Structure formats: structure tokens, C-alpha cells
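Report on the structure given below.
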Number of protein chains: 2
Amino acid sequence: MKNLFIILLLSVFQSIYAQEVQSPSKDITLKVTLNDTGEPLYSVFYKGKEVIKPSKLGIQLKSGISLSRDFKVIDSKQNSIDENWTPVLGEQASIRNRYNELHIQLKQNQTNKLLNISFRVFNEGVAFRYEFPFEDKVNYFIISDENTEFNLTGNHKSFWIPGDFDSQEYVYNETKLSEIDNSKLDLNNGIALKSIESKYRIQSPLMMKSSDGLYINIFEAAVNNYPVMHLDLNPKTFQLTSCLVPNAIGDKAYLRTPSVTPWRTIMVSDDARDIVASKMILNLNEPNKIDDTSWIKPMKYMGIWWEMHVGISTWDYAGSQNAQNVSTQDLIPSGKHGATTENTKRYIDFAAKHGFDGVLVEGWNVGWEDWFGNWKEDVFDFITPYPDFNIEEVYKYAKSKGVKMIMHHETSGSVANYERHLDRAINLMKHYEYPAVKSGYVGRIIPRGEFHDGQTMVNHYNFVAQRMADNKLMLNSHESTRPTGYHRTYPNYIAAEAARGNEFNAWSTGNPPAHETILPFTRLLGGPMDYTPGIFEIKMSAYDPNKTEQVHTTLAKQLALYVTMYSPLQMAADLPQNYEKHLDAFQFIKDVPADWQASIYLEAEPGDYITVARKDKNSENWFLGAITDENARTTEIKFNFLSPNKKYKATIYQDGKDADWKNNPKSYSIVSKTISNKTKLKLNLVAGGGTAMSIVPID
Amino acid sequence: MKNLFIILLLSVFQSIYAQEVQSPSKDITLKVTLNDTGEPLYSVFYKGKEVIKPSKLGIQLKSGISLSRDFKVIDSKQNSIDENWTPVLGEQASIRNRYNELHIQLKQNQTNKLLNISFRVFNEGVAFRYEFPFEDKVNYFIISDENTEFNLTGNHKSFWIPGDFDSQEYVYNETKLSEIDNSKLDLNNGIALKSIESKYRIQSPLMMKSSDGLYINIFEAAVNNYPVMHLDLNPKTFQLTSCLVPNAIGDKAYLRTPSVTPWRTIMVSDDARDIVASKMILNLNEPNKIDDTSWIKPMKYMGIWWEMHVGISTWDYAGSQNAQNVSTQDLIPSGKHGATTENTKRYIDFAAKHGFDGVLVEGWNVGWEDWFGNWKEDVFDFITPYPDFNIEEVYKYAKSKGVKMIMHHETSGSVANYERHLDRAINLMKHYEYPAVKSGYVGRIIPRGEFHDGQTMVNHYNFVAQRMADNKLMLNSHESTRPTGYHRTYPNYIAAEAARGNEFNAWSTGNPPAHETILPFTRLLGGPMDYTPGIFEIKMSAYDPNKTEQVHTTLAKQLALYVTMYSPLQMAADLPQNYEKHLDAFQFIKDVPADWQASIYLEAEPGDYITVARKDKNSENWFLGAITDENARTTEIKFNFLSPNKKYKATIYQDGKDADWKNNPKSYSIVSKTISNKTKLKLNLVAGGGTAMSIVPID
């Protein structure tokens, strides 16, 4: 290894500084150098193979100063960390944070400006960030560009979505890097607002697989007071360059010293399971800032929501969805409004009967007649219910049934309006004892000129999380920027959507069967997703014979998603009447917990399949989820993760033999088996199918 | 007149529509035509003289449609209005609203788009606005330009300030129109933030005087949900064109149908007093929207404020004014902090002793160590006092003395931050029974890219006024956009700064003696100004022998300003210790009310002098203020406005014979006279001087 390093040094550039850091496992090596023009570079190796070729690091300031060259190293330190911490909610009860770090202090010769770069090498990959140390005369500065390179070594297979500044709700494309081209995408995909400015711009997390079997993931962690980083690809050289999302006037970030950028991460392994199991992103975030976390709890919920997606009812009271400027008292009710007191009570009854924690009601508040697509500022006030939603009565009824109500704050992208009303909205929640809120950001952002992924909006989402925490409220944001582990710091930020959710199956081209096998390698690396699984009435023709849309999975796979898609907030998204028809399958949704003692990824291949076993945080019960893409799959699972000398009853929810996602998605069977840690079981997953399993000790 | 009109029609353009409307007095004639290309035009005549030559009207939409030609008139109506209304606070107890109106409905031939224009002709001038009637398919639209012309007839003398999108705090320039040129201004004028984008762009209200003695004023009224209108001048043709202040992405206004623009106003008279006495701007605003106005009261106040301007104390606790990112608990107090509990009590004592309603305390809250000039977002939280300001103790002490505390909310231009905190800030005010707040907007606006005068900020100021009204709180905004009569609609918005206030005299080139003779013709037309008069210690050398700054008036003129500068909120701005030295002169400030039964402008000439008599709303007392510019002035006042058969004691606060603003500003004399409505009195005003008078009936 050392020889290789020396050769590199001599052949590629003359360096004035060179350091290397290995992962605790020694599988990963990070090399950091300063070349003879004072440019900092890094490269990454995995088991001796180059993963990231020498890549430049730098920041361009709006003042004109380029913090990318002419540096000298004034200090360089290495350190090793190995610690454990306890997440409030999570895939596992304890998380190990173990890495070797290199911290270098740079000074620019001509300007005397300081820039530190901090590197951390975990067993799963490398992270680094820029740090701006305290400078008396450089309190405030504006970043006009970040010039971080990720120089890939080959034309890897990649799972990518376009670098849209306003949306991540795309189907993943699985192509070679050289085939990435946004201009060739079919954008008739159900996404209302798109802001794609470049053919070769893609989003992170970017999951890749090299021809020699390495799984590589480029992402970021701890995005706070900084815009989201997208990636600009050179499809010929496979160079990726950071692209920060601009604000209304083209600036990227406003900072002052001392401050830091988010971590840029490169995960790498020859075993895909290491990527999905990694806690590196979480570990790179700041520890929990909430003193009393006793009120932060996992939630399984139902809601008045899917019935609007399938067209049974509407969010708005008048059913018009056009901007007539009619005041609420003059609206003529359409009779299709979903969020009525009566309908809410029906959901509360069902939730209470089946042991769900909460009921979400969307469309409860006035404003939905004129909420969408018009860049309107004063959309909702977040406190005024429709005439047919008696919030007081609903509150008392839910309380009498032991069910919590979940608030809904759709902002329509009008964030200025939301912030103006937030305290009053929170007061209403506290008054009626709502423990959690689902927020939404469908539409162009106000302040106008801002994008969903810019610094302003990143700060907004985090501000709302903090305000909710101040008031002991949990937050689940939709159409927000994709999370990067900030829920470690504010664990009340229990989930987000921020990717293409199950709802797209109801009214668009939908989510192909591979979709849920990719999300754990991309979106879920940053945090829990409110994917809203559990759709039993798979085909929309059940609601309207003219409809051809459908969920692109089997019913059994919908169950398996409760295990494969980690979230402490899980919705049973379908309608009560659909669950009534399949109460045997529904039992799994009732049984599966949303907070875990341990998680074991048994199998994983992005775009193909994933199998995970999880142990309930509060019992000895295990749950297993296995899903496949559009291809049928047979696999044998070893249950050696179970406690020895113990017998378990496994209830297996599996695809019917005649099932497939397209033609016969609702065929399933439920079988029981007694198993132990010696058991091997063959699972048969049909095309677009899955298996869910509950494993309960037999005493 | 009719002949002239026919000649015009034949000679200037072929018109397809022509209407004229006269003022109730018949002195003013408005002519409105559509020429043969369907362009709407208007012109204005005063006593037969042309004041505004045929000028185009039009709106450019972002969609590409130009609402400026190809119109036909589909309806045209005239109407006459004569009504009275009662302002909550004002220069007079009742206001007459009398005008003749023309309302035309236009339809664009090619697009079928509708545009209405409403014209009103008052005795003091003409107003018109664009109206966008309800259209089912045109709910939302974006205005990218307004093309309103004001084609002046000659090279008038004008009182102008540059068309700065962020500030109106300029000294007025008195030049011919042809001499207007922002690039020739000395901008070393104490204004921190300037956004001047064009040489020939100036602000409204624009006061002019023609060579044949007409006083002409171009302004606007009822600016709400629309940007401020500046004026672009062609210095050769004397054409003025509307310039709307853009938002962060260059758009001007987001509207939906039905909606209206602000009124564009042209006041004209051959008597300057008609301009300053006009209530046309107020009349053009919507009536009061606050049901219970019993809590809206005039206020005379003192404050911990001038002592910071003169350098005795500081707003910030540490006295550093630099951004060390030190948290408040680590700050080392400088000992110069003004807003201490002890100092506040001193002001409360003085205010209570002399019968003032309120005490303002600036610098009471944390954040002032790092508040200015850095475009910082999280500046203040508006609720956390400095360690040496015991808000509870101050509250109790003030209450025991019968003095109200006035809150201070400096936003530093970070409006997003202010709106986020506004409800909590209001809660604090309610908790400690503050009846009013002074807000401030010193600095570049956040949301970044917005200007002080854009639609976003106009809506912000009005939103804050509404929120304060919801909570029965009065508002006085500084560095906000200049008012346009919105205090008729929200009378709790009792005052604003929004022009160059007295404070500039403390630390800049200051306000020349003519300044206060121009403001009533410009800034004050839109609403009351918190000018903060009453400075007795005129020269800053009293505080520091090296200082050469001074107030550019005599002491007597400072008294006269309480009458000439109408505001229901009046500050006695100087320090208690300075008033103690001149308690005889201070008596006038104690006596003068801030709400009036009647106001009579006895003399007025912009840039030269103004004399006004006002009758107290709650007594038979009269008060008179007379001021002059840099020239000494002798005038004879007839008191025929007094009640007949009554005797009055006039207490006259006049310049000392040896006084002048520059060399001997503090020389004054106080004389008493018995007067009646037959009395004529000669007033002698020295250079930069003035006379104040209280006139009390002798029973």
C-alpha cells in the first residue's frame, strides 16, 4: 500500500503534504494531500482498490476569494473515536460510533484565510466537511460555490434521480453513469413542480455498483444552515462535482465563523448489506438536543387520506379545486368532503378497535378550495376547521377512545405564511392535545425565488422541528428536503416523506416494483420515511372501473414493507373497509412494532431485493420482511439470529402461489410454523412480491 | 372648455372614446380618452391650464399580455360622492370625502381580457387606479410592469429624493426637473443602506411648483398588496413613468382577480395650503376595519433613545458592536448600556412628573452586539431582556406611576425572523401591558433579494399592523415604506418614520432648515410621522467638544414642530436633564395635544415656511406652529379662526432676537398676550427658526 502511495505521489502530482487514514477495519484507506500549488485533494481506497481518484476540495466565496488553492497546512491531527449512544427511537437500541479522524488546518498564503477540513473514516466509508474557524475579521461570509469533487473510477451502474431543486419524488433510474441524461426522462410522472436545470445533474444519495462488485454511495450528513448538495456529472470522465442549491438571488449559503458545512460521505463495501445497515449518517449528526424525550414515541396510525387519493372523497369542502375567491361561509358543500366529524369518528372507532395510536385527518381546515398551483401566499391559517369538522367534538371523542389525533399542516409551499401562523397553529395543537403533526410542502416556495432544497428551506424545516420540540410535539414532513440524520439531534422529527411515496401508485404511473428495494440504499440512509404502506385494495379499478392505476406490489409485499422500510411512524394507509375484508392479513400490521432492539439485514441488492429481520424493542418478538423487484425470487433464510434453545411461532404472510403484482396482487396465504435458531426456511416471492413474518417465542 | 376638448381630440389623436370629469369646485378637469389604437389616456387641467398632458395608462402582465392597447370601452359610468367620516385620531374631527368619479370598463379585443379604470376628481386633485374584475379563468396573474405616465407640462421646480428601493431617509433636493440626477448627489449622508439603480429615478410624493404658480404633487394612496411606485423621469420631456419596486426575482406584483392597484394621485392647486391640508390620500383608503377603537389613543412619550444617538449610552450591553458570536451570558457589560432598570426608572419618574403617557426603551433586549450590517437572520428574539433590564420590575414601577411602557422591536431588516417570533413578542407585550410598539427595519431585508419597498414588505408592514390590531396594540414603524393613508383602515398604525427624521441631526450632515417645511408637502401627505422633535440641546458639542453636528433649527422651532408636523404620537426626544434646564420652554411640549378638532393651514410654501393653527380635540384651546427655512421671516397672523366674543391667553414661544439656528439656536423668549379673533400678531422667525403658541380661552 505504501508503495502505491509513493508512486501516486510521484506520478500524479508533487505534494507538499500527504496523510493517510484507515478505517478501524483497515478495509478503507483515505489519502489526503496538498499538491505543489497548495490544492487539497483526497482519494479513497477499498481493500486496495481505488474508489475515489484524487479529487479536489474547495469553497468559492462571494467576496472573490477561492478557498481551493495556495494553502499550506498549519496543523494536522489524527484521532480515534469509539463510543456508543442510545437513539430515542431507532432500528437498534444502541448505536456504535467508531472512526479514525484526520483534522487539518489550512492557511491560504496570499490571503491568510483559514480553512479546516475534517475527515472521518468509518468501517462503512469516509466523511469529510469544511470548517471555518473563528476569525475576528471574517465573521460573515457568503458561499457562492462549493467545489468538492468525487472522481469515480469507472462507468458504474447507478440508481439515480434528476437533480431537481424542488422534488425528490422520482422513480429511480438504473443505468450506467454514462447513460445519465435528464433530458431523456419521461416527466409525465405525477410530479407537479419540477426544477431541473441541467441534463447531467443528479441527486444524492447516489447509489452505485462498480463492475468489480463494489457498492458505492455518495451522500451527505447533518445538513443544517446550508443548502442541499446535488451532484453534477461529467458523463465521460465520471467526475461528480458538488452543486449547492441557490437562493433567490443565486447565493448558496450565508455563514459566519465559526461554522461548518454538512459532511460529504462516501460509503463503500463489497457487501450491499453494509450500506443499508450503516449508521454512519446518523453518527455524523450532533447528539440529541432535547432534554426530556419521554413524549417522543413510535406511532402507528390511520388516516383520512388514502380515500382522497383514490377519489372517494376530497380534501376540500366544496369539491371545486378552483380559485373562486369565495369565502368559506358561502361555499356550497359538495357532499364529498372527507374530513367530516362523522367520518373521523369512523376512523377513530376502527383505530381504537385495532389498537392504533393515532388518526390523521387531512382537509380538516379551510383553504383547500384554492390551495394548489397558483403560488398563492395566504393559503391556510392552520386553525380554522371546515364547518363540518367539529374539532372539539373530535377531540373529546378520540380522547374517550384512547386514540390520539394527528394534526395536518399543508403549507402549499407558502412557508412565509406558515411561519407567520406557526405559533397559533401550535397553540391549537396543544389545546386539543395533538401529539404530532404531518406537514406538507406541495408547491412553489414563498419566499418567492427559493427552492425546497435551498438554505432558507433547510433552515425552515429544522426550525419547525425545533419549535415543535419546544412544545413537545412530533413532526413528520412531506415534500420537504430529504433528511440527512438530523433526527438524531431533534428526535421529535420522527419521519419525513421526501421521496416518491406510495401515494403515487394511486393516480400516476406509480412506483415500479423495484422502487422499495432501492429506497433503503438512498432515501432511507438519511432517516425514516413515512412511505404509507399497507394498501390492500391494490387496483384503483376497485373504485372506478375506468381507472388503470394500481399499486405495483402484491398485498404480501405491502405487509413486508412495514419491516423493510424502517420508520417509527407507520401508517396503515388503506381504508377501514378494505382492511375489514382481510382481517387475517391485517393482523400483521396490528402486530408489527415501529421501534426496534436490533435489525439484521440478511440479504440486500439495490434494485433487486432486500430481506431484514428486526427485534421488537419491548419484547422478544422478531419480525421479518423480504421483498423483491419485478422478478420472482426464491431464497432460503437462516434464523440463526434467534436466541438459542428457544422455540418460536412464525406466522408467515406470503404471496399466493398464483399471485403476481400485476395480474393477481391480492392473492396471499398465511401459514404458521414452529422455528428455532437452527431453522432454515425457503421463501417464495412472486414478481413484485414479498413475505412478512412475525416470530413470537413459545414459552 | 368644450371647444378646447374638441380641438385636442382632432389635433392630438383620433379617439374612439372621450369623457371628462370635473372636480366639485369645477377648478379641475380630468379628460379620459381611448385613441384609435385602443390605448387609454388621461390628462388633467386646472382652471383651464394643462397640468398633465395626455398620458398613457397600462399594465404589463408576466404572461406576455400587455394591458395597454387594443381596448374597447364596454361600460362607462359617472357618479358623485359627498360624505363625511370620523377618523379615530387626526388633524380634524370629521373629514369630508367629496369627489366626482368615472368608472370605465375596458375589454381587450384580441384577448378578451378585462381591465377597469376608476377615476376620482376631488377639489384637490385627481386619483385613478386599475381594477382587475373577477374572471373565472384569470384568477392569478403576475404584474411585470405598470406603465402609468404623468406627462408634465414644463420644467417645474421639484422637491425630490432619489428613487431608492430601500430608504427614504434623504434630504430633499430643490431643483428644476431637468436638473434631477442621482449620480450627482453626495451620498455621504448617514444612510446605511442604499439601493439606487437609476440616475433619473425619484420617489413619490413628488412635490413640484410650475413657473406659473401651480403646486403639483404626484403620489399614491392605499398601497396594499402591491409594491411602492417610484417615478422614472425623462429629464428632457418631463415625462414621469411609474416604476414598481421588484421582488427577489424581478416580478412586481402577484394578484388575483378581483383586485385593484393603489390609487395614483395628482394634486394640484394655485394655493400651496390646499396641498398640505388635503385629506385626499386618506379618503382614498378603505374605512376603518377595527370594530372597537377605544384603545387607540394619542401618545406623548419620552424614551431611552436620544442618549444613544448623542453617544452617552449604547443600545448594546457590551458596547462592542462587533460580531464576536459571544453568547449573552458571556458578555462583559461596558457600563454604557442605556436600557438599564435604573435608567428606565429615571425616565419613568420624569415622564410621570410631567404628564407624559409613555416611555420607550430601546436596547432592552439581547442581540445588539451583533445586529447591524451583516445581513444576519437570527438577530433578535424580541422577548429576552438584557441582564440589567428587569422587565418585571420596570413593568410594576411604570404601572405604579401611571406611565405606559412602549415596546421596541428592531428587526434589523430580518423580517422572516421577526414574523417567526411575532406572536411570542406580542404575548410578552400583552403580559406586561405595553400598549404600543416601535418597530425598526435598519438593514437589508431577509427574505434576501427583497427590498423595503416591494410587495412582500408592503404586505409585511400591513400584516404587522393587523396582528397588532388583533391584540389591541398600536404600531409605529421606522425605516418602513412611507405610508399612503393605510392608517385610515388600521388606525392603530398611528405613526411611522419613513423619512429623514430628527435623529440624523445627531450624527450626520443632518437635516437642513428647509427640511421640515418640505415634509408636510411630501412624506406627511401619507400619514403621521414620528419625527421626534423637541431637542433643546441643539449642538452635539455639548456632549463631546470634538463634535460639530447639530440640529439645524432653533429651540423655538423644535417646539413649533409639535404643531406643524402632525402626529398622534409625539416624542419629547431630548434627555430629561436637558429639559430640566428649560422647564419654561418645556411647558409647551407638556401642553400641546396630539389629537385635534380642527387644523387651519394659515401659510405654506414648500421649502420656505409653514404656519398652522390647530384646535385641541378635547378643549377650546388652540395651538399654533410657524416655521421657516434658512431664511429669517416676518409674518403677520390673523386670529380670525378663534371663536368670536372670546378672549384668549396666548403664550408665545419665540426665537430670541439674537437667535439663529447655527450660531445661537438656544436663544428664545416666552411672552404672554391676550388675544381675540380680531387680533393680528407679527411673528419674527430667525433663520432656521420658528414660533410656537398656545392659545387658551380666558373665562
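The values are calculated or read from the model by the stated rules, or taken from the named source; none is laboratory data. In this text the structure is predicted, and so the values were computed from the model without any measurement. Don't worry about glycine lacking a Cβ; one is built from the backbone with ideal geometry, like all the others, and counts go over all protein chains shown. Calculation scope for accessible area: heavy atoms of the full protein, side chains included, ligands and nucleic acids excluded. Shrake-Rupley method; radii C 1.70, N 1.55, O 1.52, S 1.80 Å.
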For the condition among the acidic types (Asp, Glu) and open to solvent by less than 30 Å² (accessible area, probe 1.4 Å), what is the one hit in A:83, A:50, A:91? A:91
Select from the stretch B:467-483 the residues that are away from chain A (no Cβ under 12 Å) and among the charged types (D, E, K, R) and write down the one among them that is surrounded by the fewest Cβ atoms within 10 Å (Cβ to Cβ). B:472
What are the pairs, 6+ residues apart or on separate chains, where a residue within the stretch B:73-95 that is more than 24 Å from residue B:486 (Cβ to Cβ) has its Cβ under 7 Å from a residue that is among the hydroxyl-bearing types (Ser, Thr, Tyr) and assigned to a strand (DSSP E or B)? B:73/B:17
I'd like the full set of residues that are closer than 23 Å to residue B:257 by Cβ and among the hydrophobic types (A, V, I, L, M, F, W, C), limited to the stretch B:46-87. B:57, B:59, B:61, B:65, B:67, B:71, B:73, B:74
Is there a residue in the stretch A:9-25 that is in contact with a helix residue (DSSP H, G or I) (Cβ under 7 Å, 6 or more places away or on another chain), among the aliphatic types (A, V, I, L, M) and either surrounded by 16 or more Cβ atoms within 10 Å (Cβ to Cβ) or at pLDDT 95 or above (or both)? yes
Do we have any residue at all in the stretch B:224-238 that's charged (D, E, K, R) and within 14 Å of another protein chain (Cβ to nearest Cβ)? no
Restricting attention to the stretch B:414-466, report how many residues are β-branched (Val, Ile, Thr), open to solvent by 10 Å² or more (accessible area, probe 1.4 Å) and more than 10 Å from every other protein chain (Cβ to nearest Cβ). 1
Index of the failed condition, residue A:145 passing every other in (1) within 23 Å of the chain's Cα centre (by Cα); (2) part of a strand (DSSP E or B); (3) of a type in the set (D, E, K, R): (1)
Flagged in the stretch A:475-506 as of a type in the set (Gly, Ala, Ser) and within 20 Å of residue A:162 (Cβ to Cβ), in numbering order, are A:480, A:496, A:498, A:499, A:501
Please enumerate the residues belonging to the stretch B:538-565 that are in a loop (DSSP other than H, G, I, E, B) and closer than 16 Å to residue B:588 by Cα. B:554, B:565
Just one listed residue, out of A:107, A:62, A:77, is among the charged types (D, E, K, R) and within 14 Å of chain B (Cβ to nearest Cβ), and it is A:62
Please work out which one of (1) touching a residue at least 60 places away in the same chain (Cβ under 8 Å); (2) open to solvent by less than 10 Å² (accessible area, probe 1.4 Å) is the condition residue B:524 fails and give its number. (2)
In the stretch A:363-396, residue farthest from the other protein chains (Cβ to nearest Cβ) [restricted to those that are touching a residue at least 60 places away in the same chain (Cβ under 8 Å) and over 17 Å from residue A:338 (Cβ atoms)]: A:373
State yes or no: is residue A:535 open to solvent by less than 10 Å² (accessible area, probe 1.4 Å) and in a loop (DSSP other than H, G, I, E, B)? yes
Looking at this structure, is residue A:122 over 30 Å from residue A:570 (Cβ atoms) and in contact (Cβ under 8 Å) with a residue 40 or more places away in the chain? no
Being out of contact with any helix residue (DSSP H, G or I) (no Cβ under 7 Å at 6 or more places or on another chain) and open to solvent by 40 Å² or more (accessible area, probe 1.4 Å) is the requirement here; does residue A:107 meet it? yes
Pick from the stretch B:181-209, criterion closer than 22 Å to residue B:220 by Cα and of a type in the set (Gly, Ala, Ser), ranking: surrounded by the most Cβ atoms within 10 Å (Cβ to Cβ): B:204
Only one of A:117, A:74, A:142, A:65 that is open to solvent by less than 20 Å² (accessible area, probe 1.4 Å) and either of a type in the set (A, V, I, L, M) or at pLDDT below 95 (or both): A:117
What's the total number of residues in the stretch B:494-513 that are under 15 Å from residue B:440 (Cβ atoms) and open to solvent by 10 Å² or more (accessible area, probe 1.4 Å)? 1
On the given criteria, is residue A:527 outside any strand (DSSP E or B), touching a Pro at 6+ places or on another chain (Cβ under 6 Å), at positive phi and at pLDDT 95 or above? yes
What residue, among those in the stretch A:30-40 that are touching a helix residue (DSSP H, G or I) at 6+ places or on another chain (Cβ under 9 Å) and of a type outside the set (Lys, Arg), is surrounded by the most Cβ atoms within 10 Å (Cβ to Cβ)? A:33
Taking the conditions exactly as written (of a type in the set (A, V, I, L, M, F, W, C), without any contact (Cβ under 8 Å) to a residue 60 or more places away in the chain and either under 30 Å from residue B:576 (Cα atoms) or in contact with an Asp or Glu (Cβ under 9 Å, 6 or more places away or on another chain) (or both)), does residue B:308 satisfy them or not? yes
Which members of the stretch B:53-77 meet the condition of being part of a strand (DSSP E or B) and more than 32 Å from the chain's Cα centre (by Cα)? B:66, B:71, B:72, B:73, B:74, B:75, B:76, B:77
If I filter the stretch A:312-322 down to residues being surrounded by fewer than 21 Cβ atoms within 10 Å (Cβ to Cβ) and farther than 25 Å from residue A:354 by Cα, which single residue comes out as nearest to the other protein chains (Cβ to nearest Cβ)? A:322
Residue, nearest to the other protein chains (Cβ to nearest Cβ), within the stretch B:249-265, restricted to residues that are surrounded by fewer than 21 Cβ atoms within 10 Å (Cβ to Cβ) and either part of a loop (DSSP other than H, G, I, E, B) or touching a Ser or Thr at 6+ places or on another chain (Cβ under 7 Å) (or both): B:249
Selection status of residue B:486, under 18 Å from residue B:358 (Cβ atoms), more than 14 Å from chain A (Cβ to nearest Cβ) and open to solvent by 10 Å² or more (accessible area, probe 1.4 Å): no
Pairs needed: first member in the stretch B:136-157, more than 14 Å from chain A (Cβ to nearest Cβ) and among the basic types (Lys, Arg); second member anywhere, open to solvent by 20 Å² or more (accessible area, probe 1.4 Å) and part of a loop (DSSP other than H, G, I, E, B); C-beta distance under 9 Å; at least 6 residues apart or different chains. B:157/B:211
